[in-house]
Amino acid sequence: MGLAIALHVLSAVIWVGGMFFAYMAMRPAVVEVIDASQRGTLWCHTLSRFFRWVWVAIILLLVTGYWMVFSVFGGMAGAGWHVHVMQALGIVMMLLFFHVYFAPFRRLKQAVADQDPQEGGRRVGQIRKLVGINLILGLITVVIGAGGRYL
């Protein structure tokens, strides 16, 4: 069970921590330092690398989460409210990520390939808003996951 918990927490830290870094640290620095015509390219390359890790994190979160639910609680009926909320928010986050990955991120990659900085900027703005929503959901999920049984 220790391995499942460790992988689960590590996956959440990578995903939520990556969003926090991108939204709260990298984005403001990019706006201050990088010319607007290059921002789409920078974000495209950065997100390409980060999203590979998010895919791994999602797979590990699902596998380890359900491993723990069925090993420790004997199924969802035995799990506390915090596990149900964590699962629901996690699924919403995953669906939002899938949307970002398959729609605006795909369009950002196309804009970069077409050397269209205006379209790239629009897509970066769209991704930023959706990542902001996912970051809030992720932070709430982490709080519930860490302290839910004590709340």
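Relative to the longest principal Cα axis of the chain, at what angle does helix 81-102 sit, 0 to 90 degrees, rounded to 10? Approximately 20 degrees, to the nearest ten. Taking the longest Cα principal axis of the chain as reference, the axis of helix 2-21 is set at about 30 degrees.
By how many degrees, between 0 and 90 and to the nearest 10, does the Cα long axis of helix 104-113 differ from the longest principal axis of the chain? Taking the Cα atoms of the chain, the angle to 104-113 is about 30 degrees. Separation of the stretch 123-151 from the stretch 2-40 is 12 Å, based on Cα centroids. Between MET26 and LEU95, residue separation times 0.36 nm minus the direct Cα-Cα distance comes to 22.4 nm.
Peptides 117-127, 82-92 ranked from most to least packed by the mean count of surrounding Cβ atoms within 10 Å: 117-127, 82-92. Each peptide in 130-137, 98-105 gets a packing score, the mean of other Cβ atoms within 10 Å over its residues, and the list from highest to lowest is 130-137, 98-105.
The numbers here are math on the coordinates, done by the rules we state, and not lab data. Computed from a predicted structure; not experimentally measured. Positions of Cβ are backbone-derived with ideal geometry, glycine not excepted, and every protein chain shown enters the neighbour counts.
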